[in-house]
Amino acid sequence: MSDSPVIKTMRVVPVAGYDSMLLNIGGAHNCYFTRILVILTDSAGRTGVGESPCHASTLGLLARFQSQIEGSELLRLNATIATLFASDARHQQTAHTDDIHIPQMNPEKFYNAAAAIEAALLDLMGQHLNLPVADLLASGRQRDRVPVLGYLFYIADRNLTSMNYQAGQAGGDAWLQLRHEKAMDAQSVVRLAEAAAERYGFRDFKLKGGVHHGEVEVETVNALLQRFPQARVTVDPNASWSLDEAIYYGKQLAGRIPYLEDPCGAEQGYSGRETLAEFKRATGIPVATNMIANDWRQLQHALQLNAIDIPLADPHFWTMRHAHTVAQLCQEWGLTTGCHSNNHFDVSLAMVAHLGAAAPGDRLTAFDTHWIWQDGQQLTQHAPQIRDGHLELPEGPGLGITLNMKRVEAAHALYTSLPDKNRNDALGMQFLIENWSFNAKRPALLR
Ligand SMILES: O=C([O-])C(=O)C[C@H](O)[C@@H](O)C(=O)[O-]
Ligand SMILES: [Mg+2]
């Protein structure tokens, strides 16, 4: 394969940006969030990039993989990725998950590392072939824009902390201001949704639950539905409700929401897959998950139990190509394709755009993205755009993005300056509730 470009360098750049004090079952988002960029250069003088969540163990894995990537032939991408999988057999024994802020979950970050490398290789391959990455995924490009939802959070009062949360821009766009301000009740979440809809044109919303008592979160969903009667609104309590509670709240929302996300989880010796199956039978509400079907083995069990309808296959914890395979499976087996997200920069936004653009069929639920909380902090020359409730596929070959190296170096300098580089949502939460600690079965404010 002498005419293949060869990977010359692999640079791993941890980067940081700013976040709002967003509440979830794991606590409060820190004022900083961290990510990893994998930047590859090849012998044709091109640069490819991928992004992943940041964790010390992911950085360790990437350092280990560097010698397998440098010197490899771009056109042997399949073999290169297979070698990574073969070199890390442990990933097959442990369920992986994105939820790095939830302490008991597995810290093994193999998939995060492989996903960032694979995305960077696909970016280079697309540039080499003069094709967008969406055309390299097995179904090829199906659409030029992907429906995305407005991801809403309750926001704690940053003034109660000594942390470096940013203030909004007064007098400008309402979203850019409100996303930094306290929003702890239904009315202020509706105001946030209005501002997000005005800026991005959303017709779908997801409320991050697992924060207040379930009654309050149902009330917030009701308020959103009342304000946006045509919208698809849902809530994700991250399995903090018991099965009984989930059925109780589910029956209140049935018929008015398109699906519920991880309404309950493992309890009393039953797995989350088993309780979700019971929830579905009791309420008839479709179930989405990013907690209990995160690898092929978990997905198989979830489907055998008929526990889920929408596997939210995030390319960062499946890899882009495996997430696309999940989308194909959804298409063939009558499930709905969706995608989970964490905070991210615009390289991840481009990865999600290409995945969504290549997902086959029309049973696609609006994809998650946290980007609206990071909008303005892009690390590329032109970030992909969200307009009219859709994420637009960037133009050009590969991922269609070009890094802004000045911004990347600044984000790396910010990362280097941070005392605590792994995500820890308990820190901010302890300003609100003394000695607060994580409990998988309790919403964050119920202590
Ligand atoms: O759908 C989910 O479970 C998530 O988005 C997990 C995230 O970690 C979310 O809870 C967050 O960022 O606070
Ligand atoms: Mg979720």
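Looking at region 198-223 only, could you name the residues that are on the phi < 0 side of the Ramachandran plot and either under 20 Å from the mean Cα position of the chain (by Cα) or in a strand (DSSP E or B) (or both)? I'd like the intermediate steps shown before the answer.
Going through region 198-223, the residues on the phi < 0 side of the Ramachandran plot turn out to be 198-200, 202-209, 211-223.
Of everything in region 198-223, those that are on the phi < 0 side of the Ramachandran plot and either under 20 Å from the mean Cα position of the chain (by Cα) or in a strand (DSSP E or B) (or both) turn out to be Y200, F202, R203, D204, F205, K206, L207, K208, G209, V211.
Would you mind finding the one in T275, T234 that is outside any loop (DSSP other than H, G, I, E, B), closer than 22 Å to P147 by Cα, β-branched (V, I, T) and not assigned by TED's automatic domain parsing to the domain that holds Y111? Before you say what the answer is, go through the steps one by one.
Working: T275 fails: closer than 22 Å to P147 by Cα.
Being outside any loop (DSSP other than H, G, I, E, B), closer than 22 Å to P147 by Cα, β-branched (V, I, T) and not assigned by TED's automatic domain parsing to the domain that holds Y111 holds for just one of T275, T234, which is T234.
Within region 270-299, the only residue that satisfies the criterion of being closer than 19 Å to F317 by Cβ, of a type in the set (A, V, I, L, M) and more than 15 Å from ligand 2 (Cβ to nearest atom) is L299.
Residues of region 198-246 that are β-branched (V, I, T) and surrounded by fewer than 19 Cβ atoms within 10 Å (Cβ to Cβ): V216 alone.
Every residue, every condition in (1) touching a Phe, Trp or Tyr at 6+ places or on another chain (Cβ under 8 Å); (2) without any contact (Cβ under 8 Å) to a residue 40 or more places away in the chain, yes or no:
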residue	(1), (2)
V218	yes, yes
R227	no, yes
Q230	no, yes
T234	yes, no
I247	yes, yes
A254	no, yes
A282	no, yes
A288	yes, no
I310	yes, no
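Quick check on region 17-45: of everything there that is part of a loop (DSSP other than H, G, I, E, B), in contact (Cβ under 8 Å) with a residue 60 or more places away in the chain and away from ligand 2 (no atom under 16 Å from the Cβ), which residue is farthest from the chain's Cα centre (by Cα)? My answer is A44.
Examine region 363-372 for a residue that is under 20 Å from the mean Cα position of the chain (by Cα) and of a type in the set (F, W, Y), and state whether such a residue exists. Even if it seems obvious, please write down each step before you answer.
Looking only at region 363-372, we keep the residues that are under 20 Å from the mean Cα position of the chain (by Cα), and these are 363-372.
Pick out the ones that are also of a type in the set (F, W, Y) and you get 367, 371.
Within region 363-372, one or more residues are under 20 Å from the mean Cα position of the chain (by Cα) and of a type in the set (F, W, Y).
Among all residues of region 419-427, there is at least one that is among the aliphatic types (A, V, I, L, M), assigned to a helix (DSSP H, G or I) and under 21 Å from the mean Cα position of the chain (by Cα). So is A246 outside any helix (DSSP H, G or I) and among the hydrophobic types (A, V, I, L, M, F, W, C) or not? The answer is no for A246. For region 288-305, filtered to residues that are under 18 Å from H324 (Cβ atoms) and in a loop (DSSP other than H, G, I, E, B), the residue that is farthest from ligand 1 (Cβ to nearest atom) is D295. Inspect all residues belonging to region 302-311 and state whether any of them is under 30 Å from A120 (Cα atoms) and either more than 23 Å from the chain's Cα centre (by Cα) or within 15 Å of ligand 2 (Cβ to nearest atom) (or both). Looking for residues that are under 30 Å from A120 (Cα atoms) and either more than 23 Å from the chain's Cα centre (by Cα) or within 15 Å of ligand 2 (Cβ to nearest atom) (or both), one finds at least one in region 302-311, hence yes.
The values are calculated or read from the model by the stated rules, or taken from the named source; none is laboratory data. Remember, predicted model here, so these are calculated numbers, not experimental data. Neighbour counts are summed over all protein chains in view; Cβ atoms, including those assigned to glycine, are modelled from backbone coordinates with ideal geometry.
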